[in-house]
Amino acid sequence: MHNSNTTFWKRNGLSIVVLLFMLGTWLGQILTGHVVYNEELSDLGAPQLSLLEYLASGHFVSATFENWESEFLQMGMYVLLSVSLRQKGSAESRPLEPSQEEDRVEGGATPWPVRIGGVWLKLYEHSLAIAFGVLFLLSFALHLDGSWRHESVQRQLDGKPPTELWDHLVSAQFWFESFQNWQSEFLAVAALVLLTIFLRQKDSPQSKPVEAPHSQTGT
């Protein structure tokens, strides 16, 4: 039993810890966001929301998916850009010369789309970028819906007429919410690409070997 648990942890430790961090910080966002929004409603003389009501509110939905959309955009764009673009010396870049690349395929079952071929193989060859694209569009739509509903509540409490979804989509407020997150995600990627040229983290797959020269591209 001990060996089984150890094996499971070794196989899945990274995803488990990352997901726990995600869930812990998301819970923190929920609890603090609930308090903040109820304070805003109280200041405007509106009734406060229960925690379950808050989870369905535009305030929570907008804040959540505003961040998720930027993460999926960042990862999807990085997956696509790193196919054809290079950065000399970066551990995050493919080698400058195709002859320096080595595909490592371990033993095991070949994924079924590869065995079947045809259109399934074509889709599978781009499935990672497709998945990030779908997740981005879904998060973008949910961000838009939540942001619009939040704005509608604010306008109602201020005695202003409601706004249409399309009007909110083309508003400066909605795009300000998006752009402020998008730019930070691309900044983080740029920092990772450039810092891995000169800096190292021993045993990390995101870093070149400690002894590698700065000019070495790729891990």
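The values are calculated or read from the model by the stated rules, or taken from the named source; none is laboratory data. Here the structure is a predicted model, which means the values were calculated and not measured. Don't worry about glycine lacking a Cβ; one is built from the backbone with ideal geometry, like all the others, and counts go over all protein chains shown. To get the accessible areas, we keep the full protein, side chains included, count just its heavy atoms, and leave off ligands, DNA and RNA. Shrake-Rupley method; radii C 1.70, N 1.55, O 1.52, S 1.80 Å.
At 1.4 Å probe radius, can you tell me the per residue accessible area of the chain in Å²?
68
GluC sites (Glu not before Pro) within region 53-145: which are DSSP loop residues with at most 10 other Cβ atoms inside 10 Å?
E101, E102, E106
Which GluC sites (Glu not before Pro) in region 154-193 pass both tests, a DSSP loop state and at most 14 other beta-carbon atoms within 10 Å?
Passing sites in region 154-193 are E164.
Express the Stokes-Einstein translational diffusion coefficient of region 35-84 in µm² s⁻¹, to the nearest whole number, given a Kirkwood radius over alpha-carbon pairs, 10 °C and a viscosity of 1.306 mPa s.
Answer from the Stokes-Einstein relation: 121 µm²/s.
Just subtract the alpha-carbon distance of R104 and A129 from 0.36 nm times their residue separation and send over the number in nm, one decimal.
Residue separation times 0.36 nm, minus the Cα-Cα distance, leaves 6.9 nm.
Relative contact order for region 76-170: what percent, with Cα pairs under 8 Å and sequence separation of 6 or more?
20
Counting each DSSP H run of 4 or more residues in the chain as -39500 (n - 2.57), what helix-only mean residue ellipticity at 222 nm follows after dividing by all residues, to the nearest 500 deg cm²/dmol?
Using -39500 (n - 2.57) per qualifying helix, the result is -23500 deg cm²/dmol.
Please compute the length gained on full extension between E97 and E164, using 0.36 nm multiplied by the number of residues separating them and subtracting their Cα-Cα distance.
18.9 nm
Work out the length of the dipole vector of region 106-203 about its Cα centre, built from +1 on the beta-carbon of each Lys and Arg and -1 on the beta-carbon of each Asp and Glu, and round it to the nearest 20 debye.
The dipole of region 106-203 has a size of about 280 debye.
What percentages make up the Cα-Cα pair-distance distribution of the chain when the bins are 5 Å wide from 0?
Percent of Cα pairs in each bin: 1, 6, 9, 11, 14, 14, 12, 11, 8, 6, 4, 2, 1, 0.
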